[in-house]
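Please find one structure pasted underneath; my questions will follow.
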Amino acid sequence: MAFSFDAPKRVPRPTPKPKNGPKPGPKLVPSGEPIELGDEDIIDVEAADNAVELGDADIEEVTPEEVSQIRKRNAPPPPPKPEKIKTREPVELQQKDIEPPFEVNGFEGLQVAATLEKKNVHKAGQKEEQLNEDNVIADPETGIIGAVDGLGSEGTKEAGARASSVAAKEIPAAFKKASAEAKRQTIGDVAQQIVDRQLARLNITDPAKRLAKQQELSAMFDSVIAKDPDMGRKALALIEAISRANEAVLETGDEKTRGKTTACVGMIHQGPDGTRYAIVANIGDSVAFKRRANGEVVQLTQEDSLLNLMTSAGSITPEQLAEMKAEPKKKIAFPISLELVQAMGGSKKDYERFQSSGITSLPLDYRTLKRAMTRSMGADSAEASLTIRKMEKGDELIIGTDIFDNFENTNTEEMDLSRIAEAAGGEGTQAERLGQLRKTAKGGPKDDDAAIVMARVI
């Protein structure tokens, strides 16, 4: 048997001399020319090309170690390692004036993009350097997307930015732990916890009304979760993640120095039958929308502002609201309640002091009521609302900060969803549409930081 190959760069090992006398070794030829090797010739393993094939006789004349090396060289190359998903640190995102729409890869069955822009701040004719208090969450490992908005004011901007940055980083980490724990619970316990936590948000003191609401919530969540236990566990883990991440926000300072932040986070869950659902948890005044494949937009969450609470309760009439929006600095006297005092940053003791002093009302303007949050991260309790909605192919989950207030109707707190649909629509790419949505929102009367993330079902 004989075969040819390109001549080795090294000289083959000399052929052993037999006892009967010397025998010449293989003929050497210039590099690049083929040579003929007989069955008795010995292969130089280190010089052999990967294309060399060995017959039985050849293998018998090399050591096992040499055979192993040859086989390794002839083995097909290993498959390329999957590209490591690159994520951006929350603080990094807060530093740029504008973070143009960027795609975030690694989400199963989703196309995800996000964008941010700072508030325009001018001081003595010069732009003042500061962090964007808003931030986005786009975590492929957990599937969570979201927006957070630090609640800072003059002198506390840095604290607000720090709070939102911590929340953006801690929520996905907290979700992983909460999700693992939820998997060890019965679905009955999961459903009961969700109902109890949603009921606690409502602060219903009347026993009859509380029981009626509890039965309503149980009927709503029990039927959905029973059909898809995994969705129920994810829903519980999502609201629990906000509660646990709140502990990290509380550790950023004491009662006077720490910041607060909103958080609206969501994920797309696929059920056992292939049906997809958006699971959204919200605390504060960030907001989530569902944009259907046909372009129609539906609002999924309501803000936890004092203004929304009082409007929903009828404490502010539509006429008063229209008057306040027309003159945002005009103050109207409102009866003092514990919820009002706490939303203004006071405590139960402050409320009791008002009662003992005979003060029964507080003069408040529109901006104060709008900015006062009844719930947020950075407070002692951070219980988020829960929303579950069905999603179809081509639908998008859009989550953003309160820059969307610029889409509100003039005389009410309701969003002009047709304007959002127009801004987020069009024939461009997802990144182009997201950029247009941010520019339109920033172009409104309210100048504020902005953070928006969009996930499209593919």
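Do we find a residue being under 20 Å from the mean Cα position of the chain (by Cα) and among the polar types (S, T, N, Q) anywhere in region 402-417?
Checking region 402-417: not a single residue is under 20 Å from the mean Cα position of the chain (by Cα) and among the polar types (S, T, N, Q).
Here's a check for you: in region 194-235, which residue that is small (Gly, Ala, Ser) and within 27 Å of the chain's Cα centre (by Cα) is surrounded by the most Cβ atoms within 10 Å (Cβ to Cβ)?
Residue satisfying both the conditions and the ranking: Ala235.
Which condition from (1) assigned to a loop (DSSP other than H, G, I, E, B); (2) within 30 Å of Ile171 (Cβ to Cβ); (3) without any contact (Cβ under 8 Å) to a residue 40 or more places away in the chain is the one that Val341 breaks?
(1)
Out of all the residues in region 296-332, which are crowded, with 16+ Cβ neighbours inside 10 Å, in contact (Cβ under 8 Å) with a residue 60 or more places away in the chain and assigned to a helix (DSSP H, G or I)?
Leu306, Leu307, Asn308, Leu309, Thr311, Leu321, Lys325
Sticking with this one: Within region 383-391, can one find any residue that is out of contact with any Ser or Thr (no Cβ under 9 Å at 6 or more places or on another chain) and at pLDDT below 90?
no
Does at least one position in region 387-399 carry a residue that is β-branched (Val, Ile, Thr), over 29 Å from Ala163 (Cβ atoms), in the same structural domain as Ser243 (by TED's automatic domain parsing) and out of contact with any Pro (no Cβ under 6 Å at 6 or more places or on another chain)?
Among the residues of region 387-399, not one is β-branched (Val, Ile, Thr), over 29 Å from Ala163 (Cβ atoms), in the same structural domain as Ser243 (by TED's automatic domain parsing) and out of contact with any Pro (no Cβ under 6 Å at 6 or more places or on another chain), which makes the answer no.
Exactly one of (1) within 30 Å of Gly394 (Cα to Cα); (2) at pLDDT 95 or above is unmet by Asp273. Its number?
Every listed condition holds for Asp273 apart from (2).
Please determine, by comparing only the residues of region 134-162 that are among the β-branched types (Val, Ile, Thr) and assigned to a strand (DSSP E or B), which one is surrounded by the most Cβ atoms within 10 Å (Cβ to Cβ).
In this case the residue turns out to be Val148.
Looking at (1) within 20 Å of the chain's Cα centre (by Cα); (2) assigned to a helix (DSSP H, G or I), find the lone condition where Glu352 falls short.
The single condition Glu352 does not satisfy is (1).
Please go through region 433-458 and give me each residue that is more than 23 Å from Arg367 (Cα to Cα), surrounded by 24 or more Cβ atoms within 10 Å (Cβ to Cβ) and out of contact with any helix residue (DSSP H, G or I) (no Cβ under 6 Å at 6 or more places or on another chain), ordered by number.
Answer for region 433-458, where residues must be more than 23 Å from Arg367 (Cα to Cα), surrounded by 24 or more Cβ atoms within 10 Å (Cβ to Cβ) and out of contact with any helix residue (DSSP H, G or I) (no Cβ under 6 Å at 6 or more places or on another chain): Leu434, Val453, Ala455.
Could you tell me whether Ser165 is surrounded by fewer than 21 Cβ atoms within 10 Å (Cβ to Cβ) and not basic (Lys, Arg)?
no
The values are calculated or read from the model by the stated rules, or taken from the named source; none is laboratory data. This structure is a prediction, so every number in the text was calculated from the model and none was measured. All Cβ positions, even for glycine, are placed from backbone atoms using ideal geometry, and neighbour counts span all protein chains on display.
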